[in-house]
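What follows is one structure encoded as structure tokens, with my remarks underneath.
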Amino acid sequence: MAEVTTSVAALRWRDGLELLDQRLLPARESWLPVATAGAAARAIQALVVRGAPAIGLTAAYALASEARADPELTHLRRAARRLASSRPTGADLARAVQHILRVIEEAPQEQRFERALAAARALHEADAAACLAMGEHGVALFHGGSVSLLTHCNAGALATGGIGSALGIVRALHARGRLARLYACEARPVLQGARLTAWEAVRDGIPCTLLADGAAASLLARGSVQGVVVGADRIAADGSVANKVGTYALALAAARHAVPMVVAAPTTTFDLTCPTGDSIPIEQRGGEEVRRVRRARVAPEEVDVYNPAFDVTPPDLVTAIVSERGVARPVNAVTVRGIAP
């Protein structure tokens, strides 16, 4: 079997943090240096980097950078708060910041940067390993020969520190010669599926078909796919899944047509302190994301906009949740606890 790899990366450390500016894809690949925690927080909010694991890694490296510039604890705690609050829905962000801050607080002042950087690199390596493990676990959910899968938004290398969560499963199937086709919803309003998932697929030679979000139900009705695979930004204790807005509608359509709905997320995305999906904070973003497509205005400037970045899919609509620790199936509080951190 071929090794499961990707040519895509969302972030890197080259004596400083650099982010692949995802706002510019697919037209241009540009690496943006991020020197401070404040700059990292702004980059996270502006969607230079997105995807819960990648956001967490960005914050981890950014806090290490801040420790090199100023190792004083009061300053670093303030920087940590700024980073942790930059986007509210994803669980990985606060967890990564808390971990790096704890390493900093336990280190002598002159060693805070080195230890924080080592800890950030360890988180990066752990996420890459988790992606590979999720790919292995996910492949086992799809029996028989070749399969076609439908995904939403981007849960690939651009969203993680490795081959991806949902796209890790896709890449693992492709490496085995078992992937017939990946179907990617465009993911309005920011078009992460069209701009990012399709770009990743083309870049890595994965057969891919792009579709409008509204076409997904008809694709499922035709029996064209054998599974839906998505990522997650936060998973509650009962198995409720917060993911890019539109996931809930996709889960409803998948259930109607008896197509398995599979969620892949590392243990860093689980939040067992959230008892149900009702406890997950949902980020509301600005109206211009909907009134415009890129720079082109498509709606009156005066019209009101409802623009949640995420929605919550209840556990009864999820066939399985995959983490690096295994598979929760059926999805409930007991099985989720078995694959959570």
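Could you tell me the calculated FRET efficiency between Thr273 and Ala217, based on Cβ-Cβ distance and R0 = 41 angstrom, to the nearest 0.05?
According to the calculation, E is roughly 0.75.
Once fully extended, how much extra length lies between Thr74 and Ala122, figured as 0.36 nm per residue of separation less the alpha-carbon to alpha-carbon distance? Provide the component values of the computation, followed by the final result.
Values: separation 48, 0.36 × 48 = 17.28 nm, distance 2.46 nm.
Difference between extended and current length: 14.8 nm.
As a test of understanding, state the convex hull volume per residue of the range 11-129 from its alpha carbons, in Å³.
Value for the range 11-129: 89 Å³ per residue.
By its C-alpha gyration tensor, with a ≥ b ≥ c as the square roots of the eigenvalues, how is the chain shaped: rounded for a/c under 1.5, else prolate for a/b larger than b/c, else oblate?
prolate
Give me the one-decimal nm value for the distance between modelled label points at Val298 and Gln284, 7 Å along each residue's Cα-to-Cβ direction.
2.3 nm
Can you compute the modelled spin-label distance between Ser224 and Thr209, with each label point 7 Å from Cα toward Cβ, in nm?
0.4 nm
Hey, in the GNM for the chain with a 10 angstrom Cα cutoff, which one of Arg115, Arg295, Arg50 fluctuates hardest?
Arg295
Taking square-rooted eigenvalues a ≥ b ≥ c of the alpha carbon gyration tensor, is the range 184-260 rounded, prolate or oblate, where a/c under 1.5 means rounded and, failing that, a/b exceeding b/c means prolate? List each step's numbers first, then the result.
On the way: a/c = 1.72, a/b = 1.19, b/c = 1.44.
Note, shape of the range 184-260 comes out oblate.
If you line up the long axis of helix 52-69 against the longest principal axis of the chain, both from Cα atoms, how many degrees apart are they, to the nearest 10?
Once rounded, the angle reads 10 degrees.
With a ≥ b ≥ c taken as the square roots of the eigenvalues of the C-alpha gyration tensor of the range 113-183, please select rounded if a/c is under 1.5 and otherwise prolate if a/b is larger than b/c or oblate if it is not?
Prolate.
Using the alpha-carbon atoms, what tilt in degrees (0 to 90, nearest 10) does helix 91-106 show relative to the longest principal axis of the chain?
For helix 91-106, the angle is close to 20 degrees.
Tell me, how many Å apart are the Cα centres for the range 165-202 and for the range 90-117?
If you average the Cα positions of each part, the centres end up 33 Å apart.
Note down the nm distance, to one decimal, between modelled labels 7 Å out along Cα→Cβ at His143 and at Tyr306.
A separation of 4.1 nm, rounded to one decimal place.
Using Cβ contacts closer than 10 Å as the measure, can you line up Tyr183, Tyr61, Tyr248, Tyr306 from fewest to most?
Tyr306, Tyr248, Tyr183, Tyr61
Give the angle, between 0 and 90 degrees and rounded to the nearest 10, that separates the Cα long axis of helix 112-139 from the longest principal axis of the Cα atoms of the chain.
With both axes taken from Cα atoms, the answer is about 10 degrees.
Across every pair of different alpha-carbon atoms, what Kirkwood hydrodynamic radius in Å does the range 139-339 reach?
Evaluated over the range 139-339, this radius sits at 17.0 Å.
Ranked highest first by the average count of other Cβ atoms within 10 Å around their residues, in what order do 81-88, 51-58 fall?
Descending mean neighbour count gives 51-58, 81-88.
Read-outs throughout are calculated quantities, based only on the coordinates presented, and are distinct from any laboratory measurement. Because the structure is a prediction, the values reported are computed rather than measured. Every residue, glycine among them, receives a Cβ derived from its backbone with ideal geometry; neighbour counts consider all protein chains shown.
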